[in-house]
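The values are calculated or read from the model by the stated rules, or taken from the named source; none is laboratory data. As the structure is a prediction and not an experimental result, all values here were calculated from the model. All Cβ positions, glycine included, derive from the backbone under ideal geometry; neighbour counts span all protein chains shown. Accessible surface areas use protein heavy atoms only, side chains included; no ligands, DNA or RNA. Shrake-Rupley method; radii C 1.70, N 1.55, O 1.52, S 1.80 Å.
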Amino acid sequence: METRLADWIRDTPTGTAADEILRKCVHCGFCLATCPTYQILGDELDGPRGRIYQIKQVLEGAPAQRATQLHLDRCLTCRNCETTCPSGVQYGHLVDIGRAVVAKQVERPWRERALRWLLRESLPRPWLFGTALKLGRSVRWVLPRSVRNKVGVTRPPGPIPSQTHARKVLLLNNCVQPAMAPSIDAATARVLDATGVQSIIAPGSGCCGAIRQHLDDHDGARNNMRRNIDAWWPLVESGQVEAIVINASGCGAMVKDYGHLLSDDPAYATKANRIVESTRDIAEFLAGCSVPAAPRAQRVAFHPPCTLQHGQKIRGQVETLLRSLGAELVPVRDAHLCCGSAGTYSILQTELSQELRERKIDALQESVPEVILSANIGCIAHLQGGTEIPVRHWIEWLDERCRK
Ligand code: SF4
Ligand code: SF4
């Protein structure tokens, strides 16, 4: 695609990066078929090719409109289009640039600004989010159904291993997961312990920055990234930990992008790249371990989050592990499509999110599984709100087999 970026952005690092991405797009339209929002809305402007074109127009100097912002807001950032694209267009990076530029030109209505501020300032703070969640759960039955489904019911975490091992890994100090599902981190620590690996959390680490990044607070996201790098660096640099292991695929995709997102920061760029090299999704890490778990047959439907299959390009590893432990993985139609959770998307784009969840639940339930497994807290909570079948993180399922 030919580009003529406007003077105000052409020779900046952002302009150069955007130009490189835009020039790769050949307008073939292959990506349309796999875009969930295009499938539902049938409007080219709500598909990847149309969004790329709108971003190009703005970067070439056309003033952004409120409509441009809405079309970009409706994008799930699922990156399914990236997986489909034969030209290697890095749509995820481009839409980040497009959203940031549009946000500077178009002021949102005050209600939207207030909601986005509230999400940005509360979700990354575990104490605040945890308190709000407890309060929500205590008045669960009077809440509107959409909110009631989100607050869910927590499972007890169970024992946390206290044994030390020579092999150590860092776990992420997640923001929403410990409050929503403390059983996931506890199960992760037990499975790692069973394989002879001690998990530790670095003091001072916290939210990966994805929430702020997706709500256009790029400076806040970068501060989150730098804070994590500062907390992890002494342990990574000295070799005291062999990896940073992440059990929420959304956070994993974000941390694996630190190198790109901090590439223009001379104080952190090199460290960020080293952090990326050290980061493993829990499925990647366990692929190299012998897991002492007892196989037991169960009909399982696995939902691979977009951040796992399209963001981190990890496909088939969890499924292989589950099959080796006796799971009968039932076929799931359109497994490449997003469930509609997509971080804060389920709160900001409720109707599209619900439609996608219904479609996903139909596909997951078609073969009547006993349990639905996934790999990201957002997808798990979102899906559980639409089905009676238990939805769990696959590491919890594996943990139960380790304990039998
Ligand atoms: S598939 Fe890739 S090259 Fe083709 S229109 Fe979509 S983004 Fe552009
Ligand atoms: S990221 Fe997902 S929703 Fe957005 S354009 Fe690509 S396929 Fe469509």
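Shape class for the stretch 132-260: oblate, because the ratio a/c of the largest to smallest gyration tensor axis (alpha-carbon atoms, square roots of eigenvalues) is 1.5 or more and b/c is at least a/b. Residue-wise HN-Hα couplings along the stretch 158-168, as the Karplus relation 6.51 cos²θ - 1.76 cosθ + 1.60 with θ = phi - 60° gives them from phi, are x, x, 9, x, 10, 6, 9, 9, 5, 7, 9 Hz; Gly and Pro carry x. Oblate is the label for the stretch 57-169, because the ratio a/c of its alpha-carbon gyration tensor axes (a ≥ b ≥ c) is 1.5 or higher and a/b is not greater than b/c. Near the amide H of residue 371, within less than 5 Å, lie the amide hydrogens of 301, all on another chain or at least 5 residues away, with H placed in the peptide plane. The count of lysine pairs in the chain that are at least 8 places apart or cross chains, and whose C-alpha atoms lie under 25 Å apart, stands at 13. Remark: the stretch 171-180, residue by residue, has Karplus-estimated 3J(HN,Hα) of 9, 6, 8, 4, 8, 8, 4, x, 7, 6 Hz, where x stands for each Gly or Pro and the curve is 6.51 cos²θ - 1.76 cosθ + 1.60 at θ = phi - 60°. The mean accessible area for residues of the chain, using a 1.4 Å probe and ignoring ligands and nucleic acids, is 44 Å² per residue. Near residue 75: Cβ cut-off under 9 Å, other residues only, Lys/Arg at +1 and Asp/Glu at -1. The net charge is +1.
Taking amide H positions as modeled 1.01 Å from N, with prolines and chain starts lacking one, no residue 5 or more places away or on another chain lies under 5 Å from residue 262. Only helices enter the 222 nm calculation for the chain: every DSSP H run of n ≥ 4 contributes -39,500 (n - 2.57), and dividing by all residues gives -14500 deg cm²/dmol, rounded to 500. The stretch 191-244 and the stretch 327-345 have Cα centres lying 27 Å from one another. Between residue 339 and 306, the built amide H atoms are under 5 Å apart, and every one of these is 5 or more places off in sequence or on another chain. Shown here for the stretch 336-380: trypsin sites (Lys or Arg not before Pro) in loop regions (DSSP other than H, G, I, E, B) with at most 14 other Cβ atoms within 10 Å, of which there are none. Derived from the Cα gyration tensor, the three semi-axes of the equivalent ellipsoid of the chain are 34, 25, 21 Å, largest first.
Highest GNM mean-square fluctuation among 274, 111, 51, for the chain modelled with Cα contacts below 10 Å: 111. Each Lys or Arg adds one and each Asp or Glu subtracts one; over the other residues with Cβ under 14 Å from the Cβ of residue 360, this totals -2.
Using a 1.4 Å probe on the protein heavy atoms, what percent of the accessible area of the chain belongs to carbon and sulfur?
The nonpolar share, carbon plus sulfur, comes to 54 percent.
Shape of the stretch 234-355 from its Cα gyration tensor (a ≥ b ≥ c, root eigenvalues): rounded if a/c is under 1.5, otherwise prolate when a/b > b/c, or oblate? It is oblate, given that a/c is not under 1.5 and a/b is not larger than b/c. Using every pair of separate Cα atoms, the Kirkwood estimate puts the hydrodynamic radius of the stretch 7-105 at 13.3 angstrom.
So, counting K/R as plus one and D/E as minus one, what does the shell of residues with Cβ under 13 Å around residue 40 add up to?
Net charge around residue 40: -2.
Between 141, 232, 127, find the one with the highest GNM mean-square fluctuation for the chain; connect C-alpha pairs within less than 10 Å. Between 141, 232, 127, it is 141 that shows the largest mean-square fluctuation.
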